[in-house]
Amino acid sequence: MQGSEIRKKFVHFFEQRGHIKRDSSPIIPQDDPTLLFANAGMNQFKDYFTGQSTPDKKRSVTIQKCVRAGGKHNDLENVGFTARHHTFFEMLGNFSFGDYFKKEAIEFAWEFLTKELKIPEEKLVVTIHHSDDEAFDIWQNHMGLDKSKIFRKGDKDNFWEMGEFGPCGPCSEIFYDHGLEHSTPGYTVTDADPFDDGGRFVEIWNLVFMQYEKTPKGRLPLPKPSIDTGAGLERLAAATQGKYWNYDTDLFVPIIAQIEAMTGKSYQEEKYHGPIRVIADHIRASVMLITDGVIPSNEGRGYVLRRIIRRAVRQLKAMNAPQLSFFKLIPVVFELLGEEYPQNRANQALAEKLLSLEEKKFLETLDHGLKFLGLAIKEQLQGKTLPGNAIFKLYDTYGFPVDLTELILQEQGLSADLKGFEQAMLVQKEESRKSWKGGELANNEVFYKLKETFGATHFDGYQKVELNSKLLSITPIGDQFALLFDSTPFYGESGGQAADIGTVNDGVTDLASVTDVQKPVENLFVHFVNDASLLEKNKTYSLKINQEHRKLIARNHSATHLLQAALIKHLGAHIKQAGSHVSATRMRFDFTHPEKVSPKELKTVIDEVNQQIKNNISITVTQMSKDEAIDSGAQALFGEKYGDSVRVVKMEDFSTELCGGTHLQSTAEISLFLIQSEAALSSGIRRIEALTSSTAIEFLQHRSSILESLEKSMKAKEEAVVERYQQLTIDYKKTKKDLLSLKEKLEAGKSNSLFKDPIILGDFCYKAVEVAPNTNLKNLADLFSQKYPQGILLAYAQDGDKFKALLKVVPKTKIINASNILGTCLKLANGRGGGRPDMAQGSGDSNKLQVFVDHITTLIRKDL
């Protein structure tokens with residue numbers, strides 16, 4: 001049975017049993033900083049299990065895209081070497097939120113496996129928690145499973161916990177028996193244990209029975225036990241297709257065939273098994289990560305992605321694949337995954353752009369890095385271990401991920417000094433750690449309780465700017481008060497758009513000013529005011545937004561849509577929004593692009609946006625199904641999870657986007673658009689900051705006043721100011737050059753007296769001179785070498801409590817190493833320095849200067 005058919009059967013099976021199909025959440029976890037990547041189907045339902053939020057339906061089914069490569073759950077090192085580990089995989093899951101429990105969960109799983117997938121019952125065994133007699137009874141007496149096929153295990157294997165505290169419970173895992181021929185050495189059919197005999201048995205489904213709440217006082221029974229299950233698609237495909245290796249299923253075979261075609265190597269040859277499996281796995285992970293919003297970089301999620309890409313590229317290079325081959329596997333990936341994940345497929349151009357760029361950058365450094373590694377193995381090896389400083393240089397200079405260096409060393413029977421590497425890497429590692437740090441969610445418990453008590457807020461701000469609403473609660477939050485109304489016209493900050501501001505009115509008088517509106521819990525609009533003393537709960541008030549403020553925000557928001565469309569039109573389809581912020585005064589737009597946008601390109605984009613403003617194109621908003629919107633070509637926000645019904649903002653044929661923000665009725669209302677700056681935000685991400693309408697005009701007026709002042713100062717008009725400035729710059733540089741030349745001539749003249757009477761030491765001569773603090777010591781050394789080709793010069797200058805020093809020796813002499821001598825002697829002055837064997841520089845404490853000079857002179861006399 002093909003993988004695509006298993007997906008469809010799974011969803012259909014559970015939909016027939018009252019489950020609602022939910023889309024996969026993005027791989028980048030939303031609102032959960034404790035996770036690096038989504039690694040299980042239950043991640044998006046975490047608040048339902050903890051009781052912080054109430055689901056609209058009690059049964060759900062999902063096909064979740066997952067990555068385990070970094071953080072607590074990391075399968076990266078096993079990929080290619082085991083039959084069933086992957087960086088990217090698909091998790092099929094069914095969930096019950098306080099509805100059915102153990103009996104139904106076990107029935108559903110067993111029926112799906114044995115009836116729908118037609119897996120023979122004799123090929124399945126199960127494990128349960130050793131204390132779970134209820135599960136044992138269901139498996140043996142209700143399902144009819146022989147007790148010899150039910151294994152009781154401890155907390156380590158069969159008890160699941162969400163975290164230190166929270167929902168938890170025993171689990172029952174279903175294993176598939178691949179047969180005795182795959183058994184781990186030392187095991188027989190009679191003593192087989194699915195956890196110990198990992199070669200023969202593979203877990204294909206885990207049923208978690210969340211029946212307890214873990215507290216500091218121990219485990220307490222949950223009032224509404226829940227079910228969380230997860231079945232790996234790749235493992236189910238292997239079981240139904242009679243394959244031992246997941247890579248031999250239809251989920252990977254087309255990718256492997258493409259790799260064979262591009263490398264000319266056969267997967268049937270044993271020596272290519274591992275490399276081809278690594279590439280096939282890593283292209284899936286790379287493509288899905290990029291198209292979900294992860295950009296290759298040197299920190300956090302981006303660094304994990306970069307490691308995955310570089311591992312694959314190295315394997316391609318080792319098999320003599322043509323350069324820039326990795327990204328050419330993207331189409332076959334979406335042939336297999338595109339139907340289930342259309343939002344990822346829509347970002348295919350971005351994946352192609354970034355993967356080709358990453359491969360090109362890595363190949364540029366790979367050859368140099370491999371040469372350095374080969375040399376380091378020859379010259380620096382300590383026993384069979386490569387020291388940490390060499391590993392760090394590979395990482396820092398040649399861009400080698402540490403695990404890649406380890407892998408190459410392992411292939412040669414060598415090991416890596418990781419402790420030494422970590423010491424050399426300490427500062428960078430700390431910075432990387434800061435870039436992504438798991439932590440607890442902001443404590444929104446009070447708002448979850450408000451939503452449970454009063455329900456969601458009805459937002460009517462698209463149609464209305466003022467309405468009457470009942471005040472449900474007043475909650476002190478810091479030095480402000482959070483107001484909850486049953487309905488509101490106020491837009492709550494979200495999607496990069498700033499919140500509305502306005503007033504709370506009793507029909508006559510403004511009683512409070514709303515300074516901010518947030519949505520700490522989905523569909524709950526919380527209005528913040530500085531003073532709530534005049535307000536009373538359960539009274540009805542008039543809520544009125546500041547219309548001018550709303551209009552200014554709308555101008556900036558509509559302009560971001562025009563900007564994105566213009567960038568796509570003129571820079572390419574790889575452009576995707578990676579973040580934005582629109583307020584009443586300015587707009588910021590982050591987008592995927594691997595290089596600086598040239599001034600010419602920026603001008604083209606600005607002209608395009610202003611032309612669309614001038615064209616006065618209409619802006620229409622339509623509510624439609626998500627599938628209809630995607631099919632219509634609507635741009636979706638990077639990595640965003642949308643509901644079944646979405647809001648589509650369309651600007652005739654120029655721009656179509658999914659968007660929940662507030663907009664204008666026509667582009668002409670924007671009036672004017674200008675870009676203030678374009679710069680790199682991070683690797684592969686650029687940021688544009690821009691202004692529109694009245695703020696853009698004010699900005700231009702301010703610039704005009706500056707120009708007017710320059711005109712008066714330079715006694716020139718408009719373009720002539722630039723010409724005048726350029727001429728002044730040329731004159732300044734010439735004057736500066738003339739002064740420098742004059743200074744060098746003066747120094748050359750002084751040097752005759754400075755260099756007088758050097759100490760003769762055999763074939764060489766030596767001179768120690770003190771000079772003024774602003775003296776160019778390198779120039780002085782060059783003058784000395786011209787006068788005394790066989791000379792050695794120590795030049796030093798005091799500047800306050802520090803001194804600087806330079807030691808220059810005869811280039812061809814091997815008797816004296818300037819870097820070594822200077823470095824040694826500077827330690828006596830609490831200083832440090834270094835350089836080349838023929839010239840070195842450094843600094844130290846002035847109160848130790850004489851000690852330094854005497855010691856270096858003694859050493860030179862001794863050596864010569």
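The values are calculated or read from the model by the stated rules, or taken from the named source; none is laboratory data. Being a predicted model, the structure only gives us computed values, none of them experimental. Here Cβ is always computed from backbone atoms with ideal geometry, including for glycine, and neighbour counts include all displayed protein chains. Just the protein is used for accessible areas: all its heavy atoms, side chains included, with ligands, DNA and RNA removed. Shrake-Rupley method; radii C 1.70, N 1.55, O 1.52, S 1.80 Å.
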Taking the Cα centre of each part, how many Å lie between the range 555-588 and the range 206-238? 43 Å
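How would Arg277, Arg586 rank on accessible area, largest to smallest, probe 1.4 Å? Provide the component values of the computation, followed by the final result.
Values: Arg277 15, Arg586 105 Å².
Largest to smallest exposure gives the sequence Arg586, Arg277.
Hey, with R₀ at 30 Å, roughly what FRET efficiency would Asn298 and Ser266 work out to, going by the Cβ-Cβ distance, to 0.05?
Details: r = 36 Å, r/R0 = 1.21.
With R0 = 30 Å, the Cβ-Cβ based efficiency is 0.25.
Report the gain in length on full extension from Asp486 to Asp607: 0.36 nm times residue separation, minus Cα-Cα distance, nm rounded to one decimal.
On the way: separation 121, 0.36 × 121 = 43.56 nm, distance 4.48 nm.
Full extension of this stretch gives 39.1 nm more.
Could you compute the net charge surrounding Gln635? Neighbours are other residues with a C-beta less than 12 Å from the C-beta of Gln635; K and R count +1, D and E count -1.
Values: positive: Lys576, Lys650; negative: Glu640, Glu657.
Taking every other residue near Gln635 into account, the sum is 0.
Listed here are the pairs Lys65/Lys650; Lys464/Lys519; Lys712/Lys733; Lys614/Lys650; Lys328/Lys600; Lys470/Lys551; which of them are more than 21 Å apart at the Cα? Provide the component values of the computation, followed by the final result.
Details: Lys65/Lys650 30 Å; Lys464/Lys519 19 Å; Lys712/Lys733 24 Å; Lys614/Lys650 17 Å; Lys328/Lys600 31 Å; Lys470/Lys551 26 Å.
In this structure, Lys65/Lys650; Lys712/Lys733; Lys328/Lys600; Lys470/Lys551 exceed 21 Å between Cα atoms.
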Low-density loop cleavage sites - chymotrypsin sites (Phe, Trp or Tyr not before Pro) in the range 62-134, where at most 15 other Cβ are within 10 Å (DSSP): Phe81
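Between Lys156 and Glu640, 0.36 nm times their residue separation minus their Cα-Cα distance comes to what?
Working it through step by step, the gained length comes to 170.7 nm.
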If I model a spin label as a point 7 Å beyond the Cα along the Cα-Cβ vector, how far apart are those points for His368 and Lys464 in nm? 6.5 nm
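Within the chain, what whole-number % of the accessible surface is contributed by carbon and sulfur, with the 1.4 Å probe and all protein chains included in the calculation? All intermediate terms of the calculation are to be shown ahead of the outcome.
On the way: 19970 of 40840 Å².
Carbon with sulfur: 49 percent of the solvent-accessible area.
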Amide proton proximity set for Ile20, modelled H, under 5 Å, gap of 5+: Arg59, Ser60, Val61
I want the local charge near Ser415. Using Cβ-Cβ distances under 15 Å, sum +1 for each Lys or Arg and -1 for each Asp or Glu among the other residues. -4
Can you give the % of DSSP beta bridges in the chain that are antiparallel, to the nearest 5? 85 percent
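If you filter the range 704-736 for GluC sites (Glu not before Pro), then keep DSSP loop positions with at most 11 other Cβ within 10 Å, what is left? Each step should come with its number before you reach the end.
Details: sites: Glu708, Glu711, Glu718, Glu719, Glu723; in loops: Glu718.
Here the sparse-neighbourhood loop sites are Glu718.
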R0 = 30 Å: FRET efficiency of Glu698 with Thr515, Cβ-based, nearest 0.05? 0.80
Tilt of helix 300-318 relative to the longest C-alpha principal axis of the chain, in degrees (0 to 90, nearest 10)? 80 degrees
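Which FRET efficiency, nearest 0.05, do Asp396 and Lys539 yield, Cβ-Cβ r, R0 60 Å?
Working: r = 64 Å, r/R0 = 1.07.
Efficiency at R0 = 60 Å is approximately 0.40.
Within the set of other residues whose C-beta is less than 13 Å from the C-beta of Ile685, count the net charge using Lys and Arg as +1 and Asp and Glu as -1. Can you show the working numbers first?
On the way: positive: Arg301, Lys353, Lys576, Arg588, Lys596, Arg686, Arg687; negative: Glu299, Asp590, Glu595, Glu678.
Counting the neighbours of Ile685, the net charge comes to +3.
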In the range 253-329, what GluC sites (Glu not before Pro) fall in a loop by DSSP, with at most 15 other Cβ atoms inside 10 Å? Glu269
Give me the accessible area per residue for the chain, probe 1.4 Å, as a whole number in Å². 47 Å²
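Give the relative contact order (percent, whole number) for the chain; include only Cα pairs under 8 Å separated by 6+ residues.
Values: 1550 pairs, mean separation 59.1, N = 864.
The normalised contact order for the chain reaches 7 percent.
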Could you calculate the contour length gain from Asn141 to Gln676, that is, 0.36 nm times the residue separation minus the distance between their Cα atoms, to one decimal place in nm? 185.3 nm
Under the 7 Å Cα-to-Cβ spin-label approximation, Ile20 and Leu381 lie apart by a distance in nanometres of 6.3 nm
The list (1) -0.34, -0.48, -1.14; (2) -0.43, -0.60, -1.22; (3) -0.26, -0.38, -1.12 gives values of log10 I(q)/I(0) by the Debye sum over Cα atoms at q = 0.05, 0.06, 0.10 Å⁻¹, and only one came from this structure; which label was calculated from it? (2)
Over the chain: helical MRE at 222 nm, DSSP H runs n ≥ 4 each giving -39500 (n - 2.57), nearest 500: -12000 deg cm²/dmol
Given unit charges at Cβ for Lys, Arg (+) and Asp, Glu (-), the dipole magnitude of the chain about its Cα centre in debye, nearest 20, is 3340 debye
Among Ser297, Thr229, Tyr244, which residue has its Cα positioned farthest towards the positive end of the charge dipole of the chain, with +1 placed on the Cβ of Lys and Arg, -1 on the Cβ of Asp and Glu, and the dipole taken about the Cα centre? Ser297
Measuring from centroid to centroid over Cα atoms, what is the spacing of the range 656-734 and the range 262-337 in Å? 43 Å
Compute the angle between helix 599-614 and the longest alpha-carbon principal axis of the chain, please, reported from 0 to 90 degrees and rounded to the nearest 10. 40 degrees
Using alpha carbons only, how many degrees (0 to 90, rounded to 10) separate the axis of helix 849-863 from the longest principal axis of the chain? 80 degrees
